[in-house]
Structures are given as C-alpha cells and as structure tokens.
1. With a 1.4 Å probe and every protein chain left in place, work out the accessible area per residue of segment 214-342 in Å², rounded to a whole number.
2. Report the accessible area of Thr221, computed with a 1.4 Å probe over the heavy atoms of all protein chains in place, in Å² rounded to the nearest 10.
3. Using a 1.4 Å probe and ignoring any ligands, DNA or RNA, find the accessible area of Phe334 and quote it in Å² to the nearest 10.
4. What order do Glu140, Glu81, Glu228 take when sorted by accessible area (1.4 Å probe), most exposed first?
5. How do Leu189, Leu302 rank by accessible surface area computed with a 1.4 Å probe, from largest to smallest?
6. Order Tyr160, Tyr110, most accessible first, counting only protein heavy atoms with a 1.4 angstrom probe.
7. What residues have an amide H closer than 5 Å to that of Val104, excluding those fewer than 5 places away on the same chain, when H is modeled at 1.01 Å from N in the peptide plane?
8. With charges only on Cβ, +1 for K and R and -1 for D and E, what is the dipole size of segment 201-260 about its Cα centre, in debye, rounded to 20?
Amino acid sequence: MPGTIALDSVCKPFLRTGQAGSARTSHLCPAKILDVCICVMPDTKTPQPQPPPTERRHRSDSTDRPTGLHDWRGHTREGVEWEIHRGDANSVLKAFHPDTFDCVVTSPPYYWQRDYRVAGQIGQEKTIDGFVKSIADTMEQVRRVLMPDGLLFLNLGDTYYSAKGQPKGTDKKSAARRFGLRAVDASGLGVPRKTIIGIPWRVALEMIERGWILRSPIVWTRTGAIPEPTAKDRPWRTYEMIFMFSKSPRYYFSRGALSRDEDIWTISARRRSNGGLHSAAFPEQLVQRCIDIGCRESGRVLDPFAGTGTTIRVALKSGRSAVGIDLSEEFCDFMVNELRGL
C-alpha cells in the first residue's frame, strides 16, 4: 500500500536488551522504539525521525487513567542514569523486571488532602478501605520489583473525619486542599465524627497481611510545619510516619547513617521551591537519610509516586541511579526539566 512500511523491518534493528537479557520494545506507540518515534509521510517510504521524548512536551486530552503513556530517559553530567515514567504506578510497575531496585523511598497522596486534577489519582477513594487497597496494591508491585535485600521507606500522613459538609473559605496551607465535598466531609464514612482515621497504620497492617515485613515505624517530627490555628480542641499535628519495610528477613542496612537518631527523626518540613505546583512537603534531608540507611552506594532507587522529584534528585546527587513514576503530566514535565540540569 503506498505510503506505508512494514513495522517489523523498522522495529527489529531497535530491539533493546533488558536486564534479564530478553529483548524488549517500547509499548508507548506502535512504531516507537526506545527514544525514537518513526513516522512515514503519505507520499514516501523513507522513515522520518521525530524528536525524542526528552525534547517534547506530551499533552493528552484523554480522561482515561494513564498507564505508562510516556517516558523520559537521561543521565547527569557525571553519567548517573535516570528515568521518568508518566502513568498509573501500579500499571507501570507491572512492566518492570522483578528484583530490580535496591531501595524505594516514596510518599503517596494522602487520603482526601489534595486534588492533583488528574483522572484516576489515588487519594480520592469513596471509602477508607478503598484507599488502603489502592496503596497496598501498588506496594505489592513495589515488593515484586524490590531486590530481596532491599528496603522500602513509606511516608504516610493521616486525615481527620469532619462529617460537617463541604468546606468553605480558603485554606492557607494549600489551595489544592479545597476541592468540593470530600468523602471525609460527608456523612457515612463508618467512623465517628472528628476522629483521626488512622490511615498510616491501616495501610501498614494491610501490607503486613500481604507479606511485607515492617521492621520499624519511624516518627518524623516536622519542625517548621504550618500551624493549624483552626484546631482549638486538640494538639496540632507535628509528626508523620515513615514505615521501614523489608522484603526479606535479611537486608542491607547502614546503622551509621542513623546519626544516633534511631526511630525519631527531627527534620524540617519546609518546602523547596517547586514552580508553584501544589505538592506535599517531602524534604530532601528526609529522603537522604532513608537512602543513606537503606541503599548501597551503587544501588538503584525507585519512587512510584515521584511528585516533583525529590527522591530522584537526591538519589542522583548521591551517585545512585533513579526511576520515578507519576500520574501527573505537569509533575513529570517539572521533574524532567529539573533533571536535565543535573
């Protein structure tokens, strides 16, 4: 047929050998192999190379849940490799080889705390159990791709159940925290009104049921956290949980990196500049400690909820390769632009 070319004749030269020695091709578009997309003009059979993904801004008007839509690859000036994948973390992880990463440091979206305006985002499930399942399902894939002697550091915040209807006014903490009637504002969530839900421990217990080993719950004391002046009948929240999970009873662990802080870490919660994006506080010092404790110097780091890329930047600056996944195209663009400067 005029203006077409056999796909096999284009694809075969560009097959990529994966870590296990098997040939792989990209699934991002029918004729896209690695970082080259082959197009054929209607009046010619000569393939025309297009700019690689690292030189393009991808846009999509689809409301469907992204599942590995785009990816970017690069390296720092020192040659440390990085990858960013845009898509649903659970789906993207399924395409990775098992036993690939030495350490995972991540902070998933909290339950009904922010609206990232992305279809299929985690954090807006109608029920508590639904949210717990969403996180645990993704962590099950994380466990599959984690090395047998690897560690997972999981940061989770909690949520109060107000049951008082749609919030009114503004929230100085973040504009992204006001987004209509939330499940935690409506009646019928199944817990008493005004209780803190206990989200972190609900997730941790579900993960233990699924085979994770919870080696240590770590209290992150957040100095410099924004006050809660509307909370007049309870203490303000000044800490969050970091759960240290292992896949196996024996794993890499550098005790000296604890700096004698053991399981209570006092680290500032002040945000780094992120181009105006509404992201949760996840300081570099916190990520650095997790990586120093749980990842060899030559190890590979993963963040399946990469956000603005804190884990990826910290890992790369320490000389470790890193892979980030995020559902938000805006966040991926931000990460890639920053990583190109390292």
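1. On the way: 5910 Å² over 129 residues.
Solvent-accessible surface per residue comes out at 46 Å².
2. 40 Å²
3. Counting only protein heavy atoms, the figure is 40 Å².
4. Heavy-atom accessible area, descending, gives Glu81, Glu140, Glu228.
5. If we order Leu189, Leu302 from most to least accessible, we get Leu189, Leu302.
6. Working: Tyr160 65, Tyr110 30 Å².
Sorted by accessible area, descending: Tyr160, Tyr110.
7. Under 5 Å from the amide H of Val104 lie the amide H atoms of Leu151, Leu152, Phe153, Leu302, each far enough along the sequence or on another chain.
8. 260 debye
The values are calculated or read from the model by the stated rules, or taken from the named source; none is laboratory data. This is a predicted model, so every value here is computed, not measured. A quick note on method: Cβ atoms are made from the backbone with ideal geometry, for glycine too, and the neighbour counts reach across all protein chains shown. Just the protein is used for accessible areas: all its heavy atoms, side chains included, with ligands, DNA and RNA removed. Shrake-Rupley method; radii C 1.70, N 1.55, O 1.52, S 1.80 Å.
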